[in-house]
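Below is one structure, written out as structure tokens, with a few remarks after it.
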Amino acid sequence: MSLSPRLPQERGRGPGFRIGRRAAVIAAIVLAIGAGLALLWPRPDPEAVWIEAQSHLQAGRIDEAERASERLSRLREPTERDWMLRAQVAIARNRTDEAIAILRRFPKQGELTPRALLLVGQLELRRDRLRSAERAFSEALELDPNLSQARRELIYIYGYRSQTVAMGEQFRGLAESGLLTADDTFLWSLSRGVQWTPEEIVDRLSTAVSAEPEDSASRIALADALLELNRFDEAAAILEPLDPADADARAALGRLALERGDVGLLAELLADAPEDHAGLALLRGKLALRRRDPEAAVSAYRRALELRPNDRDALSGLSQALNQAGHREEAAEAVARLTRINDLNDLLHQLARVDADRSPDRYVEIGSACEAIGLEAQARAWYQVALAGDPFHREAQAALGRMGRLGEEEAASDSGAE
């Protein structure tokens, strides 16, 4: 038997202690190897992850797309494309408020900002917020005037509101970008004389006003549609929140007063109303005729036509007032002008038929009718449509050569045509 004393450091060390020390050493080695591998093993490529997410989106695998988007956010600081991806996922999830908040974060001068604003407008339009959609589309066009889809969306909004001047501006923008089709040109010309069925737009505009009570343009258009249906009390309720100091609102209130036969209220509304508003000038003409004052009516209708050339209502009233004032020759001129407008409308309605003649010759004929009443930009568009069908059409070539480039004065005149 050994009589050597047990060393202090050996006391309490059994087999378990030796196993624990070995495990700790192994763990340290594993961690060291893992750290080395992490340095050697490449991180996921963010672009590959972005492409993967887009692939999932296109295939409708929204869960996978969202996970890829989240993984991408851990790999790099978000880029515009990453924000767009997040917005696309939110849209696919029907999280509209979240998507709009993301799209509104894009920098003003960002490459994808016009596209982001276009999406904002489309999302707002989807939930019937016409005013917010209009603002987003307009902002997108300020950054990229060639964004044709934004112009087409605005044309849709302005069509429901019967804002033909605003529609004309967007159609002209399409024409200047070289993106006007034959169908676009047809709608452009038709918009100045189209009569919407009130029932078609009352429901749509009612929803828009409910969604955005502050949307005065939609309120006014809704009230006008209700007037067409003789629903005067409803129209009055719709107009009640508007400020009469606003010229458009005052004109709408004046139309309501006229339809109700309240000449006194109409006179009160027009007493201090602006002189440079076509709708108010038209009402002044109507009021003057009611008061048997044809000379005042002539002055008012002429002012309306200065502000909104080719307005059929103003031309009709002008011819009546001129006749009453004894100006027969001038009245005949007004009637002839109105006839040319009606002839153009007849050509357009013929073109809408299933068996319509859509040859370059017909397009030139419509262009000539537009040119005859001063719709120069629309005439040019029809001649260009004719040349798209027949690049060697001599009459279309001659017409475009004769007209030359659209000038500022001409553009201003054409934009007011209805």
(message) Restricting to DSSP H runs of at least four residues, report the calculated mean residue ellipticity at 222 nm for the chain, -39500 (n - 2.57) per run over all residues, nearest 500 deg cm²/dmol.
(response) -23000 deg cm²/dmol
(message) Please compute the length gained on full extension between residue 94 and residue 390, using 0.36 nm multiplied by the number of residues separating them and subtracting their Cα-Cα distance.
(response) 101.9 nm
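Summing +1 for each Lys or Arg and -1 for each Asp or Glu, what net charge is found among the other residues whose Cβ lies under 13 Å from the Cβ of residue 101? Write down the numbers at each step before the final one.
Details: positive: 86, 95, 104, 105; negative: 97, 98, 124.
My count for the surroundings of residue 101 gives +1.
So, counting K/R as plus one and D/E as minus one, what does the shell of residues with Cβ under 11 Å around residue 277 add up to? Spell out each step's value before the answer.
Numbers: positive: 250, 284, 303, 308; negative: 246, 248, 275, 276.
Combined, the nearby Lys, Arg, Asp and Glu give 0.
Let me know the charge dipole size of the range 263-345 about its Cα centre in debye, to the nearest 20, where only the beta-carbon of Lys, Arg (+1) and Asp, Glu (-1) is charged. Could you put the intermediate results ahead of the total?
Details: 12 positive and 13 negative charges, 51 e Å.
That gives the range 263-345 a dipole magnitude of about 240 debye.
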(request) Note down the net charge around residue 324, summing +1 for each Lys or Arg and -1 for each Asp or Glu among other residues with Cβ under 14 Å from its Cβ. (result) +2
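Assuming R0 = 25 Å, what is the FRET efficiency of residue 138 and residue 358, from their Cβ-Cβ distance, to the nearest 0.05?
Values: r = 33 Å, r/R0 = 1.33.
The formula returns an efficiency of 0.15 here.
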(message) With angles folded into 0 to 90 degrees, how steeply does helix 247-259 sit against the dominant principal axis of the chain? Use alpha carbons for both and round to 10.
(response) 50 degrees
(request) Normalise the Debye intensity by I(0) for the chain, one equal point scatterer per Cα, no solvent, then take log10 at q = 0.08 Å⁻¹ and round to two decimals. (result) -0.61
(request) Order these peptides, 244-251, 86-93, by their mean beta-carbon neighbour count within 10 angstrom, highest first. (result) 86-93, 244-251
(request) Any chance you could give the angle, 0 to 90 degrees and rounded to 10, that helix 15-40 forms with the longest Cα principal axis of the chain? (result) 40 degrees
(request) Sort 257-270, 312-325 for me by packing, meaning the mean count of neighbouring Cβ atoms within 10 Å per residue, highest on top. (result) 312-325, 257-270
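Let me know the charge dipole size of the range 55-206 about its Cα centre in debye, to the nearest 20, where only the beta-carbon of Lys, Arg (+1) and Asp, Glu (-1) is charged.
Working: 24 positive and 24 negative charges, 81 e Å.
Dipole of the range 55-206, to the nearest 20 debye: 400 debye.
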(request) May I have the extent of the alpha carbons of the range 294-369 along their three principal axes, as whole Å values ordered from largest to smallest? (result) 46, 23, 19
(message) Taking the solvent-accessible surface of protein heavy atoms with a 1.4 Å probe, what is the per residue accessible area of the chain in Å²?
(response) 54 Å²
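Place a +1 charge on the Cβ of each Lys and Arg in the range 242-385 and a -1 charge on the Cβ of each Asp and Glu, then give the dipole magnitude about the Cα centre in debye, rounded to the nearest 20. Please list the in-between numbers first.
Numbers: 19 positive and 25 negative charges, 63 e Å.
Result for the range 242-385 is approximately 300 debye, rounded to the nearest 20.
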(request) Might you work out the accessible area of residue 373 for me, using a 1.4 Å probe with all protein chains in place, and round it to the nearest 10 Å²? (result) 20 Å²
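Roughly speaking, what % of Cα-Cα pairs in the range 304-413 are separated by over 25 Å, rounded to a whole number? The partial results should precede the final answer.
Details: 1952 of 5995 pairs.
Considering the range 304-413, 33 percent of its Cα-Cα pairs are separated by more than 25 Å.
The values are calculated or read from the model by the stated rules, or taken from the named source; none is laboratory data. Computed from a predicted structure; not experimentally measured. Because the Cβ atoms are built from the backbone with ideal geometry, glycine has one as well, and the counts that use them run over all protein chains shown. Just the protein is used for accessible areas: all its heavy atoms, side chains included, with ligands, DNA and RNA removed. Shrake-Rupley method; radii C 1.70, N 1.55, O 1.52, S 1.80 Å.
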